[in-house]
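Undergrad: Attaching a single structure in structure tokens format; questions to follow.
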Amino acid sequence: MKHALLLLVLLPLAACRAQPREIAITLDDVPLVGYYTYPDDFQRIQSIDSMTQALARHDAPYTVFAIGQDVAVEQEGALLDRWLDAGAHLGNHTYTHRNMGDLSVAEGIADIERAGDVLQPIADARGLSIRYFRFPFLAEGVSLEQKQAYADALARMGLYNARVSVSNNDWEFNERYRQAELEEDWEGRYEIGQEYVLHILESIKYWDMVGEELTGRSVRHVLLLHANRINRDYLGAILDSLAADDYTFIDLDRAYADPIYAEPDRWPTENGVSFLEHVRQTRRLEGTE
């Protein structure tokens, strides 16, 4: 039964698609989720290498969004080098990873700038540019005024809001997966992993359907994942399935050239979700759906 489930995971999502599908891969909370839950640097490095090697096998461009205070810790700064040595593009994910809706605009802007103070010298030393910023929890503000203030601040800093089309709950699966690992419940961990891959593929399928409803075509997707244990072990299976379904892996520049990401967003939320949902709710509010 388990082997049959794994085969189902790796089957193409829709075998007869004629329309091209494109997706950009992003990983949040770099250098590594749960740094102190790993017993040693060997296992931390092994986790990062597992993810970067899975991406390299598919020649997939990817962007990692780093938390400034984690990079500022000497050990985790070295782990960020591991990502960049493997070819990752670098993005800003604030210094403290707090929900921006819980902060004043001034506090939120300061948190973004403080992360930039840590990350920019690293980027400069490699000749890299930091052009993308991702809101923690995809929370862009609890009011239209707060959203606009953050948008204006990002524009002044030369940062583009790295919105997501495929949101999911990989972090919830990771918590269960980590607990099973710590308890050495290998069968339970395996079952969680299989369930997780199916969840991600179904999330991609669902948001692709929403994109088609909004635009009449497949939009260029941006997938949100995290640099965590479960993706250490299952990112490869996810990428394999997407490749089998004829998805092309693209960078964020190409993804955000899709006109869908230029649509207005007048739907403030306390916690974030796919930008496609923001577009759908904005159209409903404006009566243009």
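Undergrad: In this structure, is Arg217 part of a loop (DSSP other than H, G, I, E, B) and either touching a Gly at 6+ places or on another chain (Cβ under 8 Å) or within 17 Å of Val33 (Cα to Cα) (or both)? Talk me through it step by step, then tell me what you get.
TA: Values: part of a loop (DSSP other than H, G, I, E, B): yes; either touching a Gly at 6+ places or on another chain (Cβ under 8 Å) or within 17 Å of Val33 (Cα to Cα) (or both): yes.
Judged against the criteria, Arg217 is a match.
Undergrad: Now for a separate question. So, in region 239-289, exactly how many residues are buried (at least 16 other Cβ atoms within 10 Å of the Cβ), without any contact (Cβ under 8 Å) to a residue 60 or more places away in the chain and closer than 22 Å to Leu90 by Cα?
TA: 1
One line per residue, one yes/no per condition, for (1) open to solvent by 10 Å² or more (accessible area, probe 1.4 Å); (2) free of Cβ contacts under 8 Å to residues at least 40 places away in the same chain; (3) touching a Ser or Thr at 6+ places or on another chain (Cβ under 6 Å):
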{"position": "Ser167", "(1), (2), (3)": "yes, no, yes"}
{"position": "Arg176", "(1), (2), (3)": "yes, yes, no"}
{"position": "Arg189", "(1), (2), (3)": "yes, yes, no"}
{"position": "Glu195", "(1), (2), (3)": "yes, yes, no"}
{"position": "Trp207", "(1), (2), (3)": "yes, no, yes"}
{"position": "Gly216", "(1), (2), (3)": "yes, yes, no"}
{"position": "Asn228", "(1), (2), (3)": "no, no, no"}
{"position": "Leu235", "(1), (2), (3)": "no, no, no"}
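Undergrad: Does Trp171 meet the test of being surrounded by fewer than 21 Cβ atoms within 10 Å (Cβ to Cβ) and either touching a His at 6+ places or on another chain (Cβ under 8 Å) or not in a helix (DSSP H, G or I) (or both)? Before the answer, list the steps.
TA: Numbers: surrounded by fewer than 21 Cβ atoms within 10 Å (Cβ to Cβ): yes; either touching a His at 6+ places or on another chain (Cβ under 8 Å) or not in a helix (DSSP H, G or I) (or both): yes.
In short, yes.
Undergrad: Any residue at all in region 43-57 that is modelled with pLDDT under 90, open to solvent by 10 Å² or more (accessible area, probe 1.4 Å), farther than 22 Å from His221 by Cβ and part of a helix (DSSP H, G or I)?
TA: Taking region 43-57 as the starting set, the residues that turn out to be modelled with pLDDT under 90 are none.
No, that holds for no residue.
Undergrad: While we're looking at this one, here's another question. Out of the residues in region 18-29 that are within 28 Å of Asp246 (Cα to Cα) and surrounded by 12 or more Cβ atoms within 10 Å (Cβ to Cβ), which is farthest from the chain's Cα centre (by Cα)? Lay out the reasoning, then the answer.
TA: Taking region 18-29 as the starting set, the residues that turn out to be within 28 Å of Asp246 (Cα to Cα) are 18-28.
When the remaining residues are screened for being surrounded by 12 or more Cβ atoms within 10 Å (Cβ to Cβ), the result is 21-28.
Details: Arg21: 18, Glu22: 15, Ile23: 12, Ala24: 9, Ile25: 7, Thr26: 4, Leu27: 4, Asp28: 5 Å.
Checked region 18-29; the qualifying residue farthest from the chain's Cα centre (by Cα) is Arg21.
Undergrad: Anything in region 97-117 that is farther than 28 Å from Ile250 by Cβ and either surrounded by fewer than 15 Cβ atoms within 10 Å (Cβ to Cβ) or of a type in the set (A, V, I, L, M, F, W, C) (or both)? List them, or say none.
TA: So in region 97-117, the residues farther than 28 Å from Ile250 by Cβ come out as 98-99, 101-111, 113-114, 117.
Asp102, Leu103, Ser104, Val105, Ala106, Glu107, Ile109, Ala110, Asp117 - these are the residues of region 97-117 that are farther than 28 Å from Ile250 by Cβ and either surrounded by fewer than 15 Cβ atoms within 10 Å (Cβ to Cβ) or of a type in the set (A, V, I, L, M, F, W, C) (or both).
Undergrad: Among the residues of region 243-255, are any assigned to a loop (DSSP other than H, G, I, E, B), small (Gly, Ala, Ser) and over 30 Å from Tyr177 (Cα atoms)?
TA: Within region 243-255, not a single residue is assigned to a loop (DSSP other than H, G, I, E, B), small (Gly, Ala, Ser) and over 30 Å from Tyr177 (Cα atoms).
The values are calculated or read from the model by the stated rules, or taken from the named source; none is laboratory data. Just so we're clear, the structure is a prediction, and the values are computed from it rather than from any experiment. Note that each Cβ is placed from the backbone with ideal geometry, even for glycine, and that neighbours are counted across all protein chains shown. Side chains are part of the model used for accessible areas, which takes the heavy atoms of the whole protein and leaves out ligands, DNA and RNA. Shrake-Rupley method; radii C 1.70, N 1.55, O 1.52, S 1.80 Å.
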